[in-house]
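Here's the structure, in structure tokens; my notes come after.
Computed from the coordinates by the stated procedures, all read-outs in this text should not be read as laboratory data. Every value quoted in this text rests on a predicted model; they were computed, and no experiment measured them. Every residue, glycine as well, gets a Cβ built from its backbone with ideal geometry; the counts of neighbours run over all protein chains shown.
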Protein chains: 2
Amino acid sequence: MTHTSFAALGDPNRFRIVEFLRSGAKPVNDIVAGLQLNQPQVSKHLKVLKEVGLVDVQPRGQQRLYELQAAPLRELHEWLERYRQLWDARFDAMDEVIDELQAKEKCT
Amino acid sequence: MTHTSFAALGDPNRFRIVEFLRSGAKPVNDIVAGLQLNQPQVSKHLKVLKEVGLVDVQPRGQQRLYELQAAPLRELHEWLERYRQLWDARFDAMDEVIDELQAKEKCT
DNA sequence: TCAGAATAGTCCTTGACGGGAATATGTCGT
DNA sequence: ACGACATATTCCCGTCAAGGACTATTCTGA
């Protein structure tokens, strides 16, 4: 569901965590140190982000690597695409370009 | 701020209102009827959406037309673009295309 | 100016959320 | 098995936001 992802990103600290994870998977303590947050709250926020699918965990020794997941972000992006006509004057032109790209794709 | 828009869209009913407004500006009562909500809550949600800039009002007789605003949506879209590499294999190719488009733009 | 329609605001209650502090679980090295 | 480290969970509390019901405002038409 799109709006649950929005809700998760609506919290300032979770938003920061997501931005922090953009540069790659990180263990909890990196987030704690990088964003100056307390460890328990980071774990709690990560739990929420995991529940909505925005991140996934993968154990690495005694630490857990949290990594952004493509699917929900792609979903949000697609949702916003449906509103593109509201601001993008080149909307139609852009559409054509995308079609061209996809056509090229099929040739490979 | 991007995360305030996310917060506003995180509420299920506000999300529905935004989707409902995608087809164009509408008076409050249309939203009330279309989404089966009570009028006061719709007004309250619209107030929130207005505060974060997602909608704007324009009086029309005794009713007020609420309309989606491009700026915040474009902002969200741009924010998500920065995460595109996470899911879009054609990311680099797409980047080139965008550059080309912007180059053409300057020529006009 | 009065009635009625469209919308906004207020008061209240309730449930959810975030933060802090302390504690629990789990894992590694020795 | 033990100690140290990394992370998760629990409890408590204060705050905030959403919905319901009611009321207030503003505009229109007669």
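For this structure, a couple of remarks:
- Applying 1/(1 + (r/R0)^6) with r as the Cβ-Cβ distance of residue A:29 and residue B:23 and R0 = 41 angstrom yields a FRET efficiency of 0.30.
- Taking 0.36 nm per residue of separation and subtracting the Cα-Cα distance, full extension of the segment from residue A:51 to residue A:82 would add 8.6 nm.
- Cβ-vector label at 7 Å, residue B:47, separations to other copies in nm: 3.4
- Radius of gyration and maximum dimension Dmax of segment B:1-99, Cα, Å: 16.3, 51
- Averaged over the residues of B:72-85, the number of partner chain Cβ atoms lying within 10 Å of the residue Cβ comes to 5.
- For the peptides A:32-44, A:67-79, the ranking by mean Cβ contacts within 10 Å, running from highest to lowest, is A:67-79, A:32-44.
- Segment A:21-95 and segment B:1-60: distance between their alpha carbon centers, rounded to Å: 26
- For residue B:58 and residue A:44, a Förster radius of 45 Å and the Cβ-Cβ distance give a FRET efficiency of 0.60, rounded to the nearest 0.05.
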